[in-house]
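For reference, the structure discussed in these notes is given below.
The values are calculated or read from the model by the stated rules, or taken from the named source; none is laboratory data. Just so it is clear, the structure is predicted and the values come from calculations on it, not from any experiment. Virtual Cβ from ideal backbone geometry, glycine too; neighbours counted across all protein chains shown. Surface areas here come from the heavy atoms of the whole protein model, side chains and all, with no ligands, DNA or RNA. Shrake-Rupley method; radii C 1.70, N 1.55, O 1.52, S 1.80 Å.
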Amino acid sequence: GVAARVVEDLEARGFFYHLEPYSHRYPHCWRCGTPLLYRVVDEWYISMGRVYDVPRGELTREQVDGSLRYQIMEVVDDITWYPAFGYERELDWLRTMGDWMISKKRYWGLALPIWECPDCGGFEVIGGRDELRERAVEGWDVFEGHTPHRPYVDAVRIRCSSCGSLAERVRDVGNPWLDAGIVPYSTLHYREDRGYWARWFPADFITESFPGQFRNWFYSMLAMSAVMDRGRPFKSIFGYGLVFGEDGRPMHKSWGNAIEFDEAADRMGVDVMRWMFAKARPEENILFGWHAADESRRELLVLWNVAVFLVTYAGVEGWTPTAATAELPAGATALDRWILSRVAGLATEARTELADFDARAATLVIGAFVDDLSQWYLRRSRRRLSRNEDPADRDAAFATLHLALVGAIRVMAPILPFLAEELYQALVAEPLGLGADDADSVHLTDWPEAELASLRDPALETAMATLRRAVELGRTLRSGAGIKVRQPLARLWLALPGGRLADGLAPEDEVALRDLLADELNVREVTLIDDGSDLVERRVKPLLPILGQRGKGGAIPAVMAAARANEVEYLPGGGVRLGGHELAADEAEIQATPRPGTAVADDDGVVVVIDTTITDDLRAEGDARELTRAIQDLRRSAGLALDARIEVTVEVGDGVWARLAPHLPSVARDTLADAIATGTLDGAGPVGELELDGATARIGLRDTAVGAGTGR
């Protein structure tokens, strides 16, 4: 073979060193596994033009006009690419690609319009059917009435312009990307109705998986449009990665990691699939499978459960919506107005992202809103929505939750059409009994941004965001101090720049949010201040090595003496004055420690300090809350209805019972207990146990509607 002759030649010339076999990858048919052979053939190309060794910005118009690749680059400049790196990737392909091979050795395909002379070797490109009819000298009758495909077009012969001999069409057909690239012209009747074409060209948006398309479909459309009219074929392009199996490999039946669409739609749900795709990073491959679907389903179940909660408790409380209009409910609290401002903001933000073809960003703002709705608004409003002794406040909470949910599902309808429609029917169409002029489907409603705009309150949103940061800091402090969430504390100080939760916040809203913070962190009093320095013990540690390096060694004795005596003047910008010497912010370390009986935490200007001292009165209130929790658990374990009234018996020592007594009315209100008494349990029914003031207490309950003992 050739290899043997090469070795012989090297040996003869004294250049041969060593012979060793190497394994290498060899192409195989991906369907049947048969080894493939390389075959060298002649192909047809479109010249891409020169590559100039100068920056694009320095090219002359004549140079650009003489090189197709740079003409296409100008088209690329005028397009918005998602993800943004697609722009540079397309330009890189144009800079490095060779000439564009456009032929295929196949029978079926769009015939290349190239006629070649067998005598002189010249060739001509025919510009269209009309030109071919005029040039044809034989075979037109065979071709007429057919599309330009084999075998009919092959019958046409023309006279060679150079030597007059009969020229035949080359047997090659066009690369499929030629067909794909001309779609913006061929499907819009460019040849038949130029005015119609101009109405729709360029396209607003195209999308395709980007692996390979930068040198295939994306490129071919750009090339065709650059040649035809030097314009862009589309305004925006969205590219995305591939769908792989959960194991990170491409899906193949033979590997057992392929999932058929019908199976996925039936098992995981089409909206779950949509959510997975929409929230995926487009530049990354999607790992598709059952576990990934479970994660997306859990996210969507949060919204579903909020709707179920509304429907369930509205039924228990006898509340029904009276309108679907976006109006502020009567008696709305600051918390109500905050979530309605958030849904108004959601409509604006999601519209902006979807208008930019950024579905992932839209899913992120939707997901953030659902978290706010469920983890903050609903959790903070549960007591108002059940066992609320104020009907007006209860109705305001129900109306707010209903309006927020309906606004959210209208926003998410383009991404989650089936889930949104199901919720719309349950929350709007069925309870309101829509009339002939009402939208009986969420997909027939307008985008809610204009309707919700009057509900927007940026200052309230900013204040609530600050408050929630304070909540996280407070929870961290309680956890670090080992204090249970249900244990009340006496006071909390919140230090903020300017002593305000937000500029422009109404004074009554600030009071309401301060009360909300107190309730959330289970403290009796919250104080807003503008400087938390008095709440901590501050000591200054001069950084001696830095002082020495900067020639301040002579000041060190006075500086250290002042630091030990804590005789410090704190300067604007973070510096200090010690012993008559000014130190810059990086020349001293300020160490802040909590004052005795307190804990402190800060986050970018938000400082929270809690009083960790627990008095006997606070401890008794904490025990009452633990008792409430234990009774609620016992209600659930007994399978009682949400509105079932009960009587409770607590078996505990007299001293503990006496300390609990002042708090029992609130325990009874929260647990729907007609009576709470102390006594000995008779052993019947479910019994709960808990620690109260260091002693074990046992509790039992009786459903008063049933009358039979279930806990005594």
- Query: Within region 198-243, how many residues turn out to be under 24 Å from MET273 (Cα atoms), open to solvent by 30 Å² or more (accessible area, probe 1.4 Å) and either part of a strand (DSSP E or B) or polar (S, T, N, Q) (or both)?
  - Reply: 6
- For the subset of region 78-119 comprising residues that are open to solvent by less than 70 Å² (accessible area, probe 1.4 Å) and of a type in the set (D, E, K, R), which member is nearest to ALA203 (Cα to Cα)? GLU90
- Note on the structure: When region 562-577 is checked residue by residue, the ones that are open to solvent by 50 Å² or more (accessible area, probe 1.4 Å), modelled with pLDDT of 80 or more and on the phi < 0 side of the Ramachandran plot are ARG564, ALA565, GLU567, GLU569, ARG577
- Which of the following residues is assigned to a strand (DSSP E or B), surrounded by fewer than 19 Cβ atoms within 10 Å (Cβ to Cβ) and in contact (Cβ under 8 Å) with a residue 40 or more places away in the chain: ALA601, ALA644? ALA601
- Of residues in region 401-440 being open to solvent by less than 30 Å² (accessible area, probe 1.4 Å), without any contact (Cβ under 8 Å) to a residue 24 or more places away in the chain and under 25 Å from ARG382 (Cβ atoms), the one farthest from the chain's Cα centre (by Cα): TYR424
- Message: Going residue by residue through region 32-43, is there one that turns out to be out of contact with any helix residue (DSSP H, G or I) (no Cβ under 8 Å at 6 or more places or on another chain) and at positive phi?
- Response: yes
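When you go through ARG106, ARG129, ARG133, ARG95 one by one, which is the residue that is farther than 30 Å from GLN213 by Cβ, among the basic types (Lys, Arg) and within 54 Å of the chain's Cα centre (by Cα)? Talk me through it step by step, then tell me what you get.
On the way: ARG106 fails: farther than 30 Å from GLN213 by Cβ; ARG133 fails: within 54 Å of the chain's Cα centre (by Cα); ARG95 fails: farther than 30 Å from GLN213 by Cβ.
When all the criteria are applied, what remains is ARG129.
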- For region 578-589, does any single residue satisfy the condition of being assigned to a helix (DSSP H, G or I), without any contact (Cβ under 8 Å) to a residue 12 or more places away in the chain and loosely packed, with under 15 Cβ neighbours inside 10 Å? no
- Note on the structure: For LEU492, the lone unmet condition from (1) within 30 Å of ALA344 (Cα to Cα); (2) in contact with a helix residue (DSSP H, G or I) (Cβ under 7 Å, 6 or more places away or on another chain); (3) surrounded by 14 or more Cβ atoms within 10 Å (Cβ to Cβ) is (1)
- Hey, can you tell me all the residues within region 384-425 that are basic (Lys, Arg) and touching a Lys or Arg at 6+ places or on another chain (Cβ under 9 Å)? ARG384, ARG387, ARG394
- Message: So, ARG351, is that one in contact with a Phe, Trp or Tyr (Cβ under 7 Å, 6 or more places away or on another chain), within 18 Å of ALA453 (Cβ to Cβ) and not in a loop (DSSP other than H, G, I, E, B) or not?
- Response: yes
- For TRP338, state whether it is surrounded by 18 or more Cβ atoms within 10 Å (Cβ to Cβ) and in a helix (DSSP H, G or I). yes
- Query: Is region 195-204 home to any residue that is over 12 Å from ILE79 (Cβ atoms) and of a type in the set (Gly, Ala, Ser)?
  - Reply: yes
- Filtering region 510-544 down to residues that are touching a Lys or Arg at 6+ places or on another chain (Cβ under 8 Å) and open to solvent by less than 70 Å² (accessible area, probe 1.4 Å) yields GLU510, LEU516, ALA518, GLU520, LEU521, ASN522, VAL523, VAL526, THR527, LEU528, LEU535, VAL536
- Task: Identify all residues within region 104-127 that are in contact (Cβ under 8 Å) with a residue 60 or more places away in the chain and within 17 Å of ALA167 (Cβ to Cβ); write none if there are none.
- Result: ALA111, LEU112, ILE114
- Test: residue in region 201-210 that is more than 17 Å from TYR82 (Cβ to Cβ), over 27 Å from the mean Cα position of the chain (by Cα) and among the hydrophobic types (A, V, I, L, M, F, W, C): yes
- Flagged in region 300-330 as of a type in the set (Asp, Glu) and open to solvent by 70 Å² or more (accessible area, probe 1.4 Å), in numbering order, are GLU327
- Restricting attention to region 441-489, which residues are over 20 Å from TYR377 (Cα atoms), assigned to a helix (DSSP H, G or I) and open to solvent by less than 20 Å² (accessible area, probe 1.4 Å)? VAL442, LEU477, ARG478
- Message: Please count how many residues of region 26-40 are part of a loop (DSSP other than H, G, I, E, B) and open to solvent by less than 100 Å² (accessible area, probe 1.4 Å).
- Response: 7
- Query: LEU364 fails exactly one of the following numbered conditions: (1) open to solvent by less than 50 Å² (accessible area, probe 1.4 Å); (2) under 25 Å from the mean Cα position of the chain (by Cα). What is the number of that condition?
  - Reply: (1)
- Message: Anything in region 286-296 that is open to solvent by 70 Å² or more (accessible area, probe 1.4 Å) and not hydrophobic (A, V, I, L, M, F, W, C)? List them, or say none.
- Response: HIS291, GLU295
- What's the number of the condition LEU681 fails, among (1) open to solvent by less than 60 Å² (accessible area, probe 1.4 Å); (2) of a type in the set (A, V, I, L, M); (3) within 48 Å of the chain's Cα centre (by Cα)? (3)
- Message: Contact list please: Cβ distance under 7 Å, first residue in region 28-47 and farther than 27 Å from ILE72 by Cβ, second residue of a type outside the set (A, V, I, L, M) and open to solvent by less than 60 Å² (accessible area, probe 1.4 Å), pairs at least six apart or on different chains.
- Response: LEU36/PRO27; LEU36/CYS29
- Task: Within region 251-287, track down each residue that is closer than 17 Å to ALA420 by Cα, in contact with a Lys or Arg (Cβ under 9 Å, 6 or more places away or on another chain) and of a type in the set (A, V, I, L, M).
- Result: MET268, VAL272, ALA278
- If you take the residues of region 136-145 that are out of contact with any Lys or Arg (no Cβ under 6 Å at 6 or more places or on another chain) and surrounded by 12 or more Cβ atoms within 10 Å (Cβ to Cβ), which of them is farthest from ILE126 (Cα to Cα)? VAL142
